[in-house]
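Read through the structure below, which is laid out as structure tokens, and then see the notes.
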Amino acid sequence: MGFGFLSFAPKKGNNVLVLRVGEREVDFLLFKNAGEGIRVLAYGSEDTSHFHIGQVLEKIFAQLPREERIHELRVTFGTSSFRAQVITLTLPPKTPSHVFDDGEASLIEKEVRARAARALQRSLFRESGILPNEFSLRRVKILGRRIAGYSVPKLAGAISRELEFSLLGVFLLESAFVPMREFAKTHRIAEMSVIHIAEALESFARKSGREGVYLCMGEERTQIAVQTKDRFAFLGTVSMGAQSFTEFFADRLGMRESTARVFQQQYFENSLSVGVQEKMQAYLLPEIQKFGTLIKQKLLEAKIVLPGSLWVFGRGDVLRNLQSLFAHETLEDLPFSQKPKISFLLPEDVWGAKNFPGARNPFYTELCLLSAFTLNRR
């Protein structure tokens, strides 16, 4: 199934730098909304293992076209620094036949956001042990409203019944933000914001025909979201990412990690001999099925019927044969509405930059989703 291109309405002529600051690498993509459409000016990735993050950002800046000024900076971070959570809050009904007016509806939603912020802070502390004052609440968004179990676009004009709100909150570790702020100041970037992949996925997947399970594989963890016809669920993370497979390659084949990464890429690109490809698939199958089991356990927490599409993107190079992700017995226990079709979500599924050589590489899909989210909010 193809998604079709998103329609953009950004400030024309602006150059936007999008960064993903992970645990081991910083990925970047610089694009311009030119008159003829979206044009990619630079993209790539830089290792952070031997450098301070400020040094890595300057290395990236040195690779950007000198004649192109950066007008906007959009940043996301790895799961250790940036958290998202969806929660549900319920309010009892007021007097029978009471109708909400505009002012009352606005006050209720303001209070719901405040309650959600407090609940999210408590949950964050329980899960991470990090003090609440070290994380800043970036946004709380109301994803959906239900009155007596029925979805409604707004409260104003509705008769009072039991109210149920679904909300998405995102938190950022303040220490992670400081180098970004300094980088923007040094290079006179006027506009800057942080975006969580959950926000970008919620915006992308809520359009009709994009229901599915989305797996965003990072270096250390994989983030999971589900979009049904009327509900977005961000299920958090599982503690297995691309590094687990790189270490497996290195240990199994006796390679250094840097060599193992190159070998992984060759495997993903199907550039190894047929015999070696088949042997690698056999070696990897237990690890891939272990990964599938972790995903299954997290999906069962959603307690909803799952749509019949599963999309993988990010650092999922080793999952070249996606159908091996779930064994038959694993699928039997998951409440899919139909046998799921498992595919890579590619940059070309998200946006229509015609000159982008990475358009068919799922490694860059996260950056493209963040870019599309930015552009569609204007």
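The values are calculated or read from the model by the stated rules, or taken from the named source; none is laboratory data. Model, not experiment: these values are computed from the prediction. Cβ: placed from backbone, ideal geometry, glycine included. Neighbour counts: every protein chain shown.
Observations, loosely collected:
For every residue, the table says whether it meets (1) at positive phi; (2) surrounded by fewer than 15 Cβ atoms within 10 Å (Cβ to Cβ); (3) out of contact with any strand residue (DSSP E or B) (no Cβ under 9 Å at 6 or more places or on another chain); (4) modelled with pLDDT under 95.
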residue: Gly35; (1), (2), (3), (4): no, yes, yes, yes
residue: Val40; (1), (2), (3), (4): no, no, no, yes
residue: Tyr43; (1), (2), (3), (4): no, no, no, no
residue: His52; (1), (2), (3), (4): no, yes, yes, yes
residue: Ala62; (1), (2), (3), (4): no, yes, yes, no
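- Taking first residues from the range 286-303 that are under 14 Å from Phe326 (Cβ atoms) and partners that are surrounded by fewer than 13 Cβ atoms within 10 Å (Cβ to Cβ) and among the charged types (D, E, K, R), the Cβ contacts under 9 Å between residues at least 6 apart in sequence or on separate chains come to Lys296/Asp333; Leu300/Asp333.
- Filtering the range 351-378 to residues that are over 14 Å from Val312 (Cβ atoms) and outside any loop (DSSP other than H, G, I, E, B) leaves Leu367, Cys368, Leu370, Ser371, Ala372, Phe373, Thr374, Leu375, Asn376.
- From the options Val226, Val213, Val170, residue that is at pLDDT 95 or above, closer than 21 Å to Ala116 by Cα and either buried (at least 19 other Cβ atoms within 10 Å of the Cβ) or not assigned by TED's automatic domain parsing to the domain that holds Ile142 (or both): Val226
- Top-ranked residue in the range 15-25 [being at pLDDT below 95 and either part of a strand (DSSP E or B) or not assigned by TED's automatic domain parsing to the domain that holds Glu46 (or both); ranked as farthest from Arg188 (Cα to Cα)]: Glu25
- Members of the range 38-60 that are out of contact with any Phe, Trp or Tyr (no Cβ under 8 Å at 6 or more places or on another chain) and not charged (D, E, K, R): Thr48, Ser49, His50, Phe51, His52, Ile53, Gln55, Val56
- Of all residues in the range 253-282, those that are assigned by TED's automatic domain parsing to the domain that holds Gly314 have Cβ atoms under 8 Å from Cβ atoms of residues that are among the hydrophobic types (A, V, I, L, M, F, W, C) and loosely packed, with under 15 Cβ neighbours inside 10 Å, 6 or more apart or on another chain, in Ala260/Leu253; Phe263/Leu253.
- Checked against the criterion of being more than 27 Å from Asp102 (Cα to Cα) and within 24 Å of the chain's Cα centre (by Cα), the candidates Ser128, Ser166 yield just one match: Ser128.
- If the condition is being part of a loop (DSSP other than H, G, I, E, B) and out of contact with any Lys or Arg (no Cβ under 9 Å at 6 or more places or on another chain), then the range 211-254 contributes Arg221, Thr228, Lys229, Asp230, Arg231, Gly254.
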